1. Sort out which residues of segment 88-118 are closer than 16 Å to residue 144 by Cβ and hydroxyl-bearing (Ser, Thr, Tyr), and write them in order of number.
2. State yes or no: is residue 76 of a type in the set (Gly, Ala, Ser), in contact with a Ser or Thr (Cβ under 9 Å, 6 or more places away or on another chain) and at pLDDT 95 or above?
Amino acid sequence: MVRDSGRRPGQSGENPVIKGILVLSAVAGIIGVMAQLKVWPFDGAPGPAPSTGRPTPPGGGVPTCQSPALSLSKGSGPSGTHVVVNGTGFPSNQSVEMRFHTELLAPSQTSADGSFKVEIVVPGTFDSFIGQQFTIRAVSTPSVCSKDAPFKLTG
């Protein structure tokens, strides 16, 4: 005996609203990853506005991100390694949040010229990933100017 499913030819039984929401969620996720990786093939890339060369926008406001740079005293090491992080090109007189991958580390503060120097200690949180490359990230606030530097976790 053959049962009739009640569907007409061409009907898949999927709710088009739910299908649309799933597609939009996937596209938003892809765009988010592309922005994080700074791989954006379109004009008008998302993110902070390009620097005007001035420390603050016309009429005041939050300082703009110039050309941030990070240098590390060591590019690799085991957990517990002390690393001196030097930052330049950040907005002046702002807090700087330091992270090793996702873990929040010692905070810092930029000077009047937008530079900072802070010693961090590589956490043991990621010891199960020895041999992998991670990032050390500096993010200033409130201007949200950031820069990453690579660090390879060794045993």
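The values are calculated or read from the model by the stated rules, or taken from the named source; none is laboratory data. All values derive from a computational prediction rather than experimental measurement. Glycine also receives a Cβ, built like all others from the backbone with ideal geometry; neighbour counts cover every protein chain displayed.
1. 92, 95, 108, 110, listed by residue number.
2. Details: of a type in the set (Gly, Ala, Ser): yes; in contact with a Ser or Thr (Cβ under 9 Å, 6 or more places away or on another chain): yes; at pLDDT 95 or above: yes.
Considered against the rule, which asks whether it is of a type in the set (Gly, Ala, Ser), in contact with a Ser or Thr (Cβ under 9 Å, 6 or more places away or on another chain) and at pLDDT 95 or above, residue 76 comes out as yes.
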